[in-house]
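Presented below is the structure to which this report refers.
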Amino acid sequence: MLIRSAPDLKYSDVTSKKDFLDRRRFLASAAAGVALGGPAAQAAKLEARKSGYTVAETVTPLKAITGYNNYYEFGTNKDDPARNAGEFRTEPWQVSVEGHCAKPAKYDLDSLRKLAPLEERIYRLRCVEAWSMVVPWIGFSLSEVLKRSEPTSKAKYVAFETYYDSKQMPLAKGSRIPLPYKEGLRLDEAMHPLTLLTFGLYGEVLPNQNGAPVRMIIPWKYGFKSIKSIVKISFVEKEPPFTWGIMIPNEYGFYSNVNPEVDHPRWSQGSERRIGEFSKRKTLMFNGYADQVASLYAGMDLKKHY
Ligand SMILES: Nc1nc2c(c(=O)[nH]1)N[C@H]1C(S)=C(S)[C@@H](COP(=O)(O)O)O[C@H]1N2
Ligand SMILES: [Mo]
């Protein structure tokens with residue numbers, strides 16, 4: 001069983017005692033109903049083994065991660081998703097893997113989650129709006145799913161789509177972005193071991209505002225690439241359209257790799273603020289994952305392919 005109800009406060013060896021104590025405190029306040037809006041505050045535990053894919057940095061408090069979100073389907077203010085996503089139905093859930101592959105597949109959430117052992121990976125995530133966070137995510141490499149469907153030689157990119165239901169997401173229309181939310185990766189980016197299919201955070205299943213029941217985390221790219229509440233994964237031949245590129249093509253490029261040297265047309269990307277902290281820190285090339293991913297872009301002009 002992956003989900004259990006017994007509390008598990010054993011925590012990663014790689015986090016400091018202070019982080020551990022912080023976490024206990026935040027879990028306690030969440031349990032007391034302080035941190036989370038809506039009725040779905042009883043999160044189920046999600047067991048995961050520790051992983052080597054981890055940054056040794058202070059993790060961002062659970063309360064900040066679950067209270068300051070971008071999820072336009074549930075409103076455009078940072079505190080809207082925590083307030084409005086609580087009753088979103090994430091069961092039953094189906095994810096379809098289709099397109100240019102020998103073995104298309106449909107998974108319910110449970111069968112998807114059992115495709116590989118769950119790992120806890122502490123990753124940075126950097127939003128294009130120049131804030132960032134460090135999160136103990138739970139999931140496994142997306143490649144575990146992709147390789148099972150045996151992509152054909154025509155599969156050059158992977159396209160993703162979010163669930164959309166205007167009845168369950170009445171505020172979505174007001175966001176004025178085209179929905180369902182769409183994203184895409186080049187096949188080699190999608191197959192990269194860092195690319196995480198994510199089911200949980202902080203030892204629990206994903207809170208709805210963070211993209212339950214399953215989302216992507218691509219830690220070297222701006223946060224908008226990390227699409228939430230996925231229902232469709234397709235192998236495609238051409239670079240797929242993505243929501244922010246459809247909306248404002250002169251501001252958002254397909255790659256969207258974190259790059260302090262390429263500013264957004266309206267603001268600098270040279271520095272960032274960790275949510276919950278006051279001072280700014282310098283943004284790192286590929287969000288600090290250059291050693292792992294820079295080779296994917298060898299020979300590319302990153303000022304052109306931003
Ligand atoms: N479906 C969907 N996915 C989405 C978004 C969204 O509005 N809708 N926002 C993106 C943006 S801009 C960011 S920064 C991250 C935020 O993830 P978080 O709320 O877990 O911090 O989710 C991304 N995934
Ligand atoms: Mo973002």
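Worth pointing out:
- Only residues that are in contact (Cβ under 8 Å) with a residue 40 or more places away in the chain and either of a type in the set (A, V, I, L, M) or in contact with a Cys (Cβ under 9 Å, 6 or more places away or on another chain) (or both) were counted in segment 207-221, giving 4.
- Restricting Glu129, Glu161, Glu144, Glu189 to residues that are surrounded by fewer than 23 Cβ atoms within 10 Å (Cβ to Cβ), of a type in the set (D, E, K, R) and farther than 21 Å from Gly223 by Cβ narrows the list to Glu144.
- Taken residue by residue, segment 267-274 has no member that is within 15 Å of ligand 2 (Cβ to nearest atom), part of a loop (DSSP other than H, G, I, E, B) and aromatic (Phe, Trp, Tyr).
- Residues that are of a type in the set (Gly, Ala, Ser) and either buried (at least 21 other Cβ atoms within 10 Å of the Cβ) or within 25 Å of Val97 (Cβ to Cβ) (or both), drawn from segment 210-264: Gly211, Ala212, Gly223, Ser226, Ser229, Ser234, Gly245, Ser256
- If you filter segment 190-206 down to residues that are closer than 12 Å to Phe160 by Cβ and outside any loop (DSSP other than H, G, I, E, B), you find that the one that is farthest from ligand 1 (Cβ to nearest atom) is Ala190.
- Screening segment 72-183 for strands (runs of 3 or more DSSP E) wholly inside it with 3 or more residues that are within 16 Å of ligand 1 (Cβ to nearest atom) and not polar (S, T, N, Q) returns the ranges 119-126, 131-141, 157-162.
- Put simply, of Phe224, Phe235 the only residue that is touching a residue at least 12 places away in the same chain (Cβ under 8 Å), under 26 Å from Leu109 (Cα atoms) and within 13 Å of ligand 2 (Cβ to nearest atom) is Phe224.
- For segment 192-208, the set of residues classified as crowded, with 23+ Cβ neighbours inside 10 Å and either closer than 24 Å to Thr152 by Cα or in contact with a Ser or Thr (Cβ under 6 Å, 6 or more places away or on another chain) (or both) consists of Thr195, Leu196, Leu197, Pro207, listed by residue number.
- Exactly one residue out of Lys156, Lys106, Lys182 is exposed (fewer than 15 other Cβ atoms within 10 Å of the Cβ) and either over 25 Å from Tyr53 (Cβ atoms) or over 21 Å from the mean Cα position of the chain (by Cα) (or both): that is Lys106.
- The set of residues in segment 219-254 that are over 21 Å from Ser175 (Cα atoms) and not in a loop (DSSP other than H, G, I, E, B) comprises Lys221, Lys232, Ile233, Ser234, Phe235, Val236.
- Verdict on Pro81 being within 14 Å of ligand 2 (Cβ to nearest atom), surrounded by 22 or more Cβ atoms within 10 Å (Cβ to Cβ), of a type outside the set (D, E, K, R) and touching a residue at least 40 places away in the same chain (Cβ under 8 Å): yes
Since every read-out is calculated from the coordinates, none of them should be taken as a lab result. Note that the structure is a prediction, hence the values are computed from the model and not measured. As a convention, Cβ positions derive from the backbone with ideal geometry for all residues, glycine included, and neighbour counts pool all protein chains shown.
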